Amino acid sequence: MDLPDSQLMLKRVVAIKAVVTQRWKDETQQLLQTQISELDGQLQQLEMQGQRAVAEIQKQSLQPPGPQVMQQIESIQMQVNQQKSELLEQKNQALQQLQQVQLLELKQEVSQGQVEGYFSVKLGDNLISKMNVEVLLHDGVVMEIRGNI
């Protein structure tokens, strides 16, 4: 895109907001429930993998296991516990978000994230007002563009 010498193309962050509708609440809750279920599945899989790895090491080692084998088992358990902790933190965040969504009132505006967009400025433009732009969605449909486009 060719711009006159007195214009400049810049990038800005555009805030995306949504009006809370029953449809939005239902879809968001379903999305969070799916995320929680997937995290539960990952937790179960992680637990089984950890148990399998420990059992394999025990099967291959002498009885009673020596200090090196015990160290390997301890290392695996620490890795499993660290990954489990991370997954539980993600699950906890999703549960908190689910609770927050349930408490939202209809017609309330909530942040849906951000996208980047380009805009042109020229001499005399108010850069601050051009940087502050947001898009308002109603069930996924753009209802309003706020700010100086």
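The values are calculated or read from the model by the stated rules, or taken from the named source; none is laboratory data. As the structure is a prediction and not an experimental result, all values here were calculated from the model. Methodologically, a virtual Cβ is constructed for each residue, glycine included, from the backbone with ideal geometry; neighbour enumeration extends over all protein chains shown.
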(message) Given the criterion modelled with pLDDT of 90 or more and on the phi < 0 side of the Ramachandran plot, identify the matching residue among LYS122, LYS59, LYS107.
(response) LYS122
(request) Mind telling me which of the residues ALA18, ALA53 ends up being in contact with a Phe, Trp or Tyr (Cβ under 8 Å, 6 or more places away or on another chain) and buried (at least 16 other Cβ atoms within 10 Å of the Cβ)? (result) ALA18
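Restricting the stretch 127-149 to residues that are assigned to a loop (DSSP other than H, G, I, E, B) and among the polar types (S, T, N, Q), which is modelled with the lowest pLDDT? Let's see the steps before the verdict.
The initial filter retains those residues of the stretch 127-149 that are assigned to a loop (DSSP other than H, G, I, E, B), namely 132, 139-140, 147-149.
Now narrow it down to the ones that are among the polar types (S, T, N, Q): 132, 148.
On the way: ASN132: 93, ASN148: 85.
So the residue we want is ASN148.
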(request) Would you mention how many residues in the stretch 104-144 are of a type in the set (A, V, I, L, M) and in contact with a helix residue (DSSP H, G or I) (Cβ under 8 Å, 6 or more places away or on another chain)? (result) 3
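Looking only at the stretch 1-55, count how many residues are closer than 30 Å to LYS107 by Cβ, touching a residue at least 40 places away in the same chain (Cβ under 8 Å) and in a helix (DSSP H, G or I). Full working, then the answer.
Step one: list which residues in the stretch 1-55 are closer than 30 Å to LYS107 by Cβ, which gives 12-37.
Then keep just the ones that are touching a residue at least 40 places away in the same chain (Cβ under 8 Å); that gives 12-25, 28-29, 32-33, 35-36.
After this cut, where a residue has to be in a helix (DSSP H, G or I) as well, the list is 22-25, 28-29, 32-33, 35-36.
The qualifying residues number 10.
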(message) For the stretch 63-104: of the residues being β-branched (Val, Ile, Thr) and under 29 Å from the mean Cα position of the chain (by Cα), which is modelled with the highest pLDDT?
(response) VAL101
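Does SER111 qualify as being without any contact (Cβ under 8 Å) to a residue 24 or more places away in the chain and not aromatic (Phe, Trp, Tyr)? Give the derivation first.
Values: without any contact (Cβ under 8 Å) to a residue 24 or more places away in the chain: no; not aromatic (Phe, Trp, Tyr): yes.
When the stated conditions are applied, SER111 does not pass them.
For every residue, the table says whether it meets (1) surrounded by 13 or more Cβ atoms within 10 Å (Cβ to Cβ); (2) free of Cβ contacts under 8 Å to residues at least 24 places away in the same chain.
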site: LYS59; (1), (2): no, yes
site: PRO65; (1), (2): yes, yes
site: VAL69; (1), (2): yes, yes
site: ILE73; (1), (2): yes, yes
site: ILE76; (1), (2): yes, no
(request) Return only the number of the condition from (1) outside the structural domain of GLN44 (by TED's automatic domain parsing); (2) outside any strand (DSSP E or B) that PHE119 does not satisfy. (result) (2)
